[in-house]
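Just below is one structure, and these are the notes that go with it.
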Amino acid sequence: GKPVAPDSLRKINPAAYTANTSDAGKVRTNPSASFRLPLTEGCAPLQMKIRNTSAPFDSCIWCFGEGSLSRDPEPEWTFETPGIYKVTLKVYSNNGISSSYTGQVSVWPLPEVRFGFVPVDDMSDYYEVRFINYSAGAVRFRWDFGDGNSSSSPEPVHRYRKQGKYTVKLTAWSEKGCESAAEEMITVESKKQFINFPNAFIPNPTGPTGGYYTAASDASASIFHPESAGVVEYNLRIYTRSGLLLFESNDVNTGWDGYHKGSLCESGVYLWKATGKFRNGESFSKMGDITLIRGRN
C-alpha cells in the first residue's frame, strides 16, 4: 500500500503532502500562480516582459486573451491590436496540482493621421497653403511645415516665403496620449501659372453634384479638382486601380464628385491623369493617385 505520512508532516500541510519511493519524507507545497505586469495599459503596439512571481511550480502556460499561448516562464509579449485583454497564467506541479491567476491589459488605438493641402493665395512676399486635416481619433495636433515653422491648429493656413518643395509633417495625439504621424512632400509654386491636385477628398454623401465648383462652393473639399492658374487647355481622367475609366473632364472648372453612374464610389485609392496647356503655350502632363474617403455627413 501507500506509505503513511508522519503526523508531524501532516500538520505542516496535509493538503499538499504527497509521498512516493523517490520523495518520501519531503513536503511539497501547492503551487500558487501570480505575476506582475510592467504595464496595465498603453498604446498599440504594447510590448512588455511579464514577471512570473509564482511559487513553487514545475511548468506553466500563459493565455494572452487573443488566442495565443506561451509556455515561457517569463514571456516577452506584444499586444499588436487595440482592445482589453485578460492575461491568464496557470502553473502546475509534477504531482498534478495547479493554480491560476488573471490580470488585465488595456491597449489603446493610435490615431489615424491623414491630411491634404491646396494653395490659397500668393502675395508679393509669400505663398499661402491651406491644410485639410482628415485625421481620425485625435484630439491634439502639431504641424511642422518644413520651413522651420509649426502650428497646433487642426487645419492651419500657412504662409511660405519662398517657392520650393517642403516636407510637411502632421503629428496627432489621442485622448489617451497615443501618438501617430504622417508626412508628405508638397510643392509651393507661383499662382501665376500652375496646376496642383490634392491627395484626398470626401464626396458629398447626399448625391451627385455634377462636379462644377468654385472656391466658395467647394470649401469643404468635396470635389476632386486642381488649384490652377493660366490653364487654357485641359483634360482630366479618373481611373480605378485596375484601369477602368470612371470620369473625364475637359473643363478645369468641373471636377470629379466621387460618383460613377449615379452611385458613390467606394472608399479607396484611385488614379488620375491630367494633360493640357498653359497660357504661354507650355504643356503639362501630370498623374498621381487620390484617396476617396467616405463617412462625413
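Here are the numbers for this structure:
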| read-out | value |
| --- | --- |
| Hydrodynamic radius of region 194-297 per Kirkwood, over alpha carbon pairs, in Å | 13.9 Å |
| Ranked order, LYS165, LYS49 - accessible area, probe 1.4 Å, largest first | LYS165, LYS49 |
| Using distinct alpha-carbon pairs, which all enter the 1/r mean, Kirkwood radius of region 218-279 in Å | 12.5 Å |
| Residue pairs, from the table LYS165/LYS286; LYS162/LYS277; LYS192/LYS273, whose Cα atoms sit over 19 Å apart | LYS162/LYS277; LYS192/LYS273 |
| Extension gain, SER98 back to ALA55 (0.36 nm per residue minus Cα-Cα distance, nm) | 14.4 nm |
| GLU155 accessible area, assembled protein chains, probe 1.4 Å, Å² | 100 Å² |
| Protein-only accessible surface order, largest first, of TYR270, TYR212 at 1.4 Å | TYR212, TYR270 |
| Stretch gain in nm, segment SER153-LEU39, where the contour uses 0.36 nm per residue and the Cα spacing is subtracted | 37.8 nm |
| Rg to Rh, two decimals, where region 96-210 supplies the alpha carbon set and Rh follows Kirkwood | 1.23 |
| Heavy-atom accessible area ranking, 1.4 Å probe, most first, across SER242, SER174, SER228 | SER242, SER228, SER174 |
| Within region 172-190, backbone nitrogen closer than 15 Å to the virtual label 7 Å beyond the Cα of LYS165 toward Cβ | 184-189 |
| The chain - Rg and Dmax from Cα coordinates, angstrom | 31.8, 109 |
| ALA182 versus GLU233: modelled label distance in nm, points set 7 Å from Cα along the beta carbon direction | 3.6 nm |
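The values are calculated or read from the model by the stated rules, or taken from the named source; none is laboratory data. All of these numbers come straight from a predicted model, not from anything done at the bench. All Cβ positions, glycine included, derive from the backbone under ideal geometry; neighbour counts span all protein chains shown. Please note that ligands, DNA and RNA were not included when accessible areas were found on the heavy atoms of the full protein model with its side chains. Shrake-Rupley method; radii C 1.70, N 1.55, O 1.52, S 1.80 Å.
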